[in-house]
Amino acid sequence: MQFHHGRTLDAQDVCFTLERVRRGAPWYLGGVLDVRAPSPFTVQVTLDRPDLFFPRRLAHEQALILPRDVPFNERRPVGTGAFRWHALDGGFRLEAFDAHFAGRPLIDEVEVFLVPELRGDAPPALDVSGVPEDPVERWVPENSVHFLIWNAHRPAARSAALRAAVVELHDIRAFWQESGRAERLLPATSFLPRRSLGRPPRGHSLARAQALLREAAYAGPPLRVWVLDLPGARQEADWLAARAARLGLPMQVVPAPLDALPDAGDDVDLAFMGEIAGWDEHLSFWSALKQPELLFRRLLPADVLRDVDALLDGYRVAPDPAALEALMTCVEARLLVGHHLHLTHHRVKRRAVHPLIRDVHPDAYGRIDFKRLWLGDVRP
């Protein structure tokens with residue numbers, strides 16, 4: 001296996017990469033005592049205890065092997081992938097890598113240009129002149145979940161009745177109907193859409209919300225609701241604030257830039273956010289709850305995190321996917337039972353692919369694997 005700069009990948013590159021991950025993200029390779037290379041193409045990893053889930057973590061993008069002799073540069077990445085990456089003004093170019101270990105890509109070169117975000121009255125699509133357009137469209141659930149999470153470090157979050165009242169107020173089906181959203185709705189009862197499809201959504205009641213608010217007797221300042229400064233997200237937060245106000249619960253929507261995340265010490269009581277799962281759903285779930293930079297570790301109560309960590313430790317001994325699914329069910333139940341976290345919906349996207357483009361399969365993030373892409377004929 002060769003790197004893009006021509007050198008053969010060896011055991012020292014693997015050791016270099018694992019040590020880099022251990023320094024930068026120690027939570028990801030917890031339990032690793034030692035990494036060494038007894039021969040040029042053998043790596044020996046010593047763990048503090050057996051871990052059936054460890055190979056899954058090694059195979060993920062987080063542990064992608066990098067060359068030890070090339071300083072990492074996100075503008076000029078060097079790896080072993082099917083394409084070499086080259087910078088372009090306004091985008092980038094992918095050039096087929098002849099020495100790719102799984103075979104050369106079917107297409108020689110792909111140029112990708114980044115289109116500025118379209119806002120307001122801008123057209124929703126860009127045309128390619130001279131090419132007949134009859135796109136293939138379909139609605140596809142994104143492998144993600146949107147949620148509302150309390151900042152457990154704020155006084156308002158200590159009221160179980162207040163937390164439950166906000167869950168009753170946030171009826172995603174009512175929001176969809178009242179706001180006239182064109183997208184299809186998939187209410188979330190799990191972190192993954194395939195699991196939500198098999199479970200009926202919970203009911204919501206304004207009467208129950210009113211009773212819970214009386215029980216909570218909240219007399220503090222307006223609840224500060226953090227939300228990304230995006231039109232759809234702002235609309236949902238504003239709708240919730242207006243609904244709460246009608247029942248006497250004041251809320252203040254706090255828009256935030258797209259690269260921001262609330263922290264425990266911020267003047268924020270609730271936050272709207274979403275999380276996307278990668279191709280390995282069980283690993284994505286585990287990573288989202290273990291990664292200290294994400295909202296779950298930042299905002300959830302310490303006792304909830306302790307229980308979640310104890311359940312996630314079962315990943316080490318889970319013998320098969322069914323056991324991992326059972327563990328996920330237990331973790332979700334612990335997260336949702338106290339209403340510190342409220343799952344709202346899964347995003348459903350309308351994908352449009354030009355008929356010229358064949359064998360395109362976007363991943364969970366909308367990225368396209370160009371390795372098997374080819375261009376077919378379009379008859380006028």
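Annotations
- Identity of the residue in the stretch 1-57, within 25 Å of G103 (Cβ to Cβ) and hydroxyl-bearing (S, T, Y), that ends up least open to solvent (accessible area, probe 1.4 Å): T17
- The strands (runs of 3 or more DSSP E) located wholly in the stretch 221-301 that include 1 or more residues which are among the small types (G, A, S) occupy 251-256, 270-276.
- Within the stretch 279-289, one or more residues are under 26 Å from R57 (Cβ atoms) and among the acidic types (D, E).
- Residue check for A63: within 24 Å of H282 (Cα to Cα), open to solvent by 30 Å² or more (accessible area, probe 1.4 Å), within 25 Å of the chain's Cα centre (by Cα) and modelled with pLDDT under 95: no
- Selection of first residues in the stretch 239-258 that are of a type in the set (S, T, N, Q) and of second residues that are open to solvent by 30 Å² or more (accessible area, probe 1.4 Å), restricted to Cβ pairs under 6 Å at least 6 apart or on distinct chains, gives the following pairs, ordered by first then second residue: Q252/P222; Q252/R224.
- Selection of the stretch 311-357 for residues being under 30 Å from A165 (Cβ atoms), basic (K, R) and either part of a helix (DSSP H, G or I) or modelled with pLDDT of 95 or more (or both) yields only R334.
- Looking across the stretch 26-82, the residues that are more than 14 Å from D313 (Cα to Cα) and of a type in the set (G, A, S) come down to A37, S39, A59, A63, G79, G81, A82.
- Residue among W226, W279 that is open to solvent by 50 Å² or more (accessible area, probe 1.4 Å) and aromatic (F, W, Y): W279
- Just one of (1) within 14 Å of A156 (Cα to Cα); (2) at pLDDT below 95 fails for L213. It is (2).
- Boolean, F191 is surrounded by 15 or more Cβ atoms within 10 Å (Cβ to Cβ), out of contact with any Pro (no Cβ under 8 Å at 6 or more places or on another chain) and farther than 21 Å from L212 by Cα: yes
The values are calculated or read from the model by the stated rules, or taken from the named source; none is laboratory data. Because the structure is predicted, anything quoted here is derived from the model rather than measured. Every residue, glycine among them, receives a Cβ derived from its backbone with ideal geometry; neighbour counts consider all protein chains shown. Accessible surface areas use protein heavy atoms only, side chains included; no ligands, DNA or RNA. Shrake-Rupley method; radii C 1.70, N 1.55, O 1.52, S 1.80 Å.
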